[in-house]
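Read through the structure below, which is laid out as structure tokens, and then see the notes.
Only the coordinates and a few stated rules stand behind these numbers; no lab work does. Remember, predicted model here, so these are calculated numbers, not experimental data. Backbone-built Cβ (ideal geometry, glycine too); neighbour counts: all protein chains shown.
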Amino acid sequence: MPTQSEPETRCGLISIVGSPNVGKSTLMNHFIGQHISITSRKTQTTRHKVLSVQTEANIQRVFIDTPGVQRQYNQLIHMRMNRIAFAALDNVDVIVFLLNRLDWGKNEEWIMSQIENYPQATRLVALNKVDLMKDKTALLPHLEWIALRTQAVEIFPLSARTHYNCSALRRTIDSHLPRRAFFFSADCTTDLRDDVLAADMIREQVMRQLHANVPYVTTVIVEKMQSHNNVLHINACIWVESVGQKKIVIGKKGQQLKEIGQAARFTMEKLFHTKIMLTLWVKVKRGWSNDENLLRQQGIV
């Protein structure tokens with residue numbers, strides 16, 4: 001029971017970290033119950049820190065979804081995303097180190113060494129995508145090895161996709177949140193600007209629909225976002241690095257771009273709770289991932 005000086009509420013910062021494409025955004029979206037962090041099968045879909053808030057009775061969970069971090073990189077955008085990911089660990093109460101099943105290599109070892117620089121946080125480890133394992137006999141010995149290597153308070157085999165064991169992870173997170181007043185109002189869900197959210201929803205559809213046809217180095221900038229007569233008008237530009245990529249994104253007679261726009265609009269209308277009028281076009285800029293101005297426009301600073 002809280003003392004007279006302690007608040008009745010629990011509130012804390014929870015950072016989810018891991019290598020690219022381990023399912024961090026899928027896990028956070030499940031916890032929040034909304035599609036805020038974009039997801040795809042491509043690596044490093046998330047490019048900036050995404051803060052999402054879930055308030056439930058006397059508990060407020062403030063989740064921080066971060067870009068996938070990698071030990072080696074060769075572009076400015078990768079350096080910035082690493083910086084964003086580890087800066088998100090400052091002052092957090094719980095760190096969830098998310099792994100892909102039995103994966104443990106040089107990148108995971110490096111991430112673990114970085115996490116050790118934040119001793120103030122409770123350390124939890126989750127092995128995601130265990131539903132995809134055909135032979136689970138190797139799971140238990142690997143869990144025991146991970147426990148010794150990471151010195152985690154607790155380790156969870158789970159599936160963010162099917163929600164297996166996610167409730168157990170959430171209960172453990174809650175038990176390590178300090179007693180304090182809420183950071184945000186109960187109706188707050190994210191700190192991302194609306195234009196950044198809209199750009200991410202469009203980029204998600206580019207990555208999902210085009211798969212390997214357009215590489216990772218594709219981005220979206222919202223040029224205009226204005227509400228008029230209960231309709232939110234959004235003008236956005238998809239940046240690619242070659243004329244060939246531009247043709248792929250547009251598609252025959254503009255059909256591919258139309259399908260990207262329709263899917264993105266559907267997602268945004270559910271997120272913003274209003275009718276959307278979306279206008280898209282595609283531009284070519286070689287080396288945009290090393291362009292300081294474009295990175296700042298996306299919030300990658």
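Under the simplified labelling scheme, the His163-Leu132 pair shows an inter-label distance of 2.1 nm, with each label point 7 Å from Cα along Cα→Cβ.
Taking 30 Å as the limit for the C-alpha separation, the pairs Lys253/Lys285; Lys106/Lys247; Lys224/Lys247; Lys246/Lys270; Lys106/Lys270 exceed it in the case of Lys106/Lys247; Lys106/Lys270. Counting Lys and Arg as +1 and Asp and Glu as -1 over every other residue whose Cβ lies under 11 Å from the Cβ of Phe272, the net charge comes to +1.
Ordered by the number of other Cβ atoms lying within 10 Å of each residue's own Cβ, fewest first, Thr9, Thr218 fall into the sequence Thr9, Thr218.
Local charge sum around Lys253 (other residues, Cβ-Cβ under 13 Å, Lys/Arg +1, Asp/Glu -1)? Net charge in that neighbourhood comes out at +2.
Of Ser167, Ser19, the sequence from fewest to most neighbouring Cβ atoms within 10 angstrom is Ser167, Ser19. Between Asp90 and Thr189, the simple spin-label model (points 7 angstrom out along Cα→Cβ) gives 2.9 nm.
Return Lys252, Lys129, Lys106 ranked ascending by Cβ neighbour count within 10 Å, so the fewest neighbours appear first. Please list the in-between numbers first.
On the way: Lys252 7, Lys129 21, Lys106 10.
Arranged by neighbour count, lowest to highest, Lys252, Lys129, Lys106 become Lys252, Lys106, Lys129.
For Lys253 and Ala181, the difference between the fully extended length at 0.36 nm per residue and the C-alpha to C-alpha distance is 20.4 nm. With the simple model of a label 7 Å out from the Cα in the direction of the Cβ, Trp281 to Arg208 spans 2.7 nm.
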